[in-house]
Structure formats: structure tokens, C-alpha cells
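Q: Sharing a structure with you now.
The values are calculated or read from the model by the stated rules, or taken from the named source; none is laboratory data. Remember, predicted model here, so these are calculated numbers, not experimental data. Quick reminder, even Gly has a Cβ in these numbers, built from the backbone with ideal geometry, and neighbours come from all protein chains shown.
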Amino acid sequence: MRIGQGFDVHAFGEGDHVTLGGVRVPHRRGVVAHSDGDVVIHALCDAIFGALALGDIGRHFPPSDERWRDADSRQFLRHAAMLMAQHGYTLGNADITVIGEAPKIGPHAQAMRENLAVDLDSEVGRISVKATTTERLGFCGRGEGIAAQACVLLERA
């Protein structure tokens with residue numbers, strides 16, 4: 001078995017939605033990012049890459065590379081899934097926490113879980129997506145951005 005953890009954060013900027021777990025979530029602001037800024041998928045990719053000892057998402061998809069400008073982060077996750085399989089692992093489980101005061105995650109969590117399960121060739125029941133606030137403390141609490149953390153357990157296939 002291998003365990004990995006990941007974290008990602010993006011500042012809010014212009015826009016009318018955020019993409020989380022591959023779901024377009026209406027919000028009064030967007031995020032500042034090179035790709036679509038999906039903190040859920042970015043944290044999850046980092047957790048998988050970490051469990052495989054393959055660096056971080058920036059190593060695989062550098063923000064300096066224009067190929068990834070405005071990219072759909074689900075392709076990053078499919079790449080992580082391919083590497084997981086190539087190294088002989090499957091997803092045991094993933095636990096993801098979105099950190100921020102808004103938008104509300106609950107109404108979209110199931111759709112996020114379903115997207116992640118498809119991209120990871122896994123069962124929805126192995127993937128948890130939940131949220132917490134920071135009680136209005138720090139940059140997330142002040143509404144300046146959104147973050148996510150993820151933990152994964154990979155098992156030998």
C-alpha cells in the first residue's frame with residue numbers, strides 16, 4: 001500500500017463560477033489559475049503523485065507550458081490514473097476536503113465524486129468529498145480564495 005496527501009489553493013478573481021471536482025459550480029467569482037484552477041483535482045493529483053513518489057502536479061503539468069493554459073483538470077487526473085495503473089496500483093480510497101466559506105459544496109459533492117470515480121476508474125464509494133470553513137479566519141475565511149486537501153490510499157493491483 002502507498003499513502004499520499006495533496007494540497008492546492010487558488011485566489012478568487014474575475015468570473016462567475018469555480019470548477020471543483022470537474023463540476024462547474026456557480027459562484028460570484030472565478031479563480032486565478034493557469035488551468036481551470038480545480039483545487040479538488042489538483043490536490044487529488046498531488047496526493048496520487050506523492051503516493052507514487054513521482055513529484056507534484058507542477059512537474060507533470062508545468063504552469064510555464066502554454067499547452068496547459070485553461071486546461072480541463074480532469075485530463076490531469078486521468079494522467080495520474082494512468083501512472084497509478086502503470087506502477088501497479090489501484091485506488092483504495094480518496095478523501096478530499098474543500099476549504100472555504102463559499103461556494104457551498106454539499107449540493108455538488110455527489111457529482112464531483114462521480115466525475116472523480118470515472119476518471120480514476122474506481123467506485124464512487126471509494127471517494128469522499130466534503131467541505132469545511134475556516135470560521136472566517138485566514139485568506140479562505142476572508143473570501144480571498146479556496147483550497148482543498150486530499151489523502152489517498154493506493155493498493156497493489
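Q: Is it the case, given these coordinates, that V39 is in contact with a strand residue (DSSP E or B) (Cβ under 7 Å, 6 or more places away or on another chain) and more than 19 Å from L153 (Cβ to Cβ)?
A: yes
Q: Something else about it: Quick one: in segment 122-152, of everything that is within 20 Å of V25 (Cβ to Cβ) and over 16 Å from the mean Cα position of the chain (by Cα), which residue is surrounded by the fewest Cβ atoms within 10 Å (Cβ to Cβ)?
A: The extreme case among them is R142.
Q: Given the criteria under 17 Å from F49 (Cα atoms) and either of a type outside the set (S, T, N, Q) or in contact with a helix residue (DSSP H, G or I) (Cβ under 9 Å, 6 or more places away or on another chain) (or both), does A157 qualify?
A: Here the answer is yes, as A157 does meet what is asked.
Q: Cβ-Cβ under 6 Å, sequence separation 6+ or interchain: first residue in segment 2-25 and at positive phi, partner surrounded by fewer than 19 Cβ atoms within 10 Å (Cβ to Cβ) and modelled with pLDDT of 95 or more. Which pairs?
A: From segment 2-25, the pairs are G15/G30; G22/R74.
Q: Looking for something touching a strand residue (DSSP E or B) at 6+ places or on another chain (Cβ under 8 Å), at negative phi and among the aromatic types (F, W, Y) - is there at least one such residue anywhere in segment 72-83?
A: no
Q: Another question, then. Looking only at segment 102-121, how many residues end up being touching a strand residue (DSSP E or B) at 6+ places or on another chain (Cβ under 9 Å) and either in contact (Cβ under 8 Å) with a residue 40 or more places away in the chain or buried (at least 19 other Cβ atoms within 10 Å of the Cβ) (or both)?
A: 12
Q: Which condition breaks for E155 when tested against (1) assigned to a strand (DSSP E or B); (2) crowded, with 17+ Cβ neighbours inside 10 Å?
A: (2)
Q: Let me ask you something else. Of R69, R28, which residue is under 18 Å from G143 (Cβ atoms) and either surrounded by fewer than 24 Cβ atoms within 10 Å (Cβ to Cβ) or in contact (Cβ under 8 Å) with a residue 40 or more places away in the chain (or both)?
A: Being under 18 Å from G143 (Cβ atoms) and either surrounded by fewer than 24 Cβ atoms within 10 Å (Cβ to Cβ) or in contact (Cβ under 8 Å) with a residue 40 or more places away in the chain (or both) holds for just one of R69, R28, which is R28.
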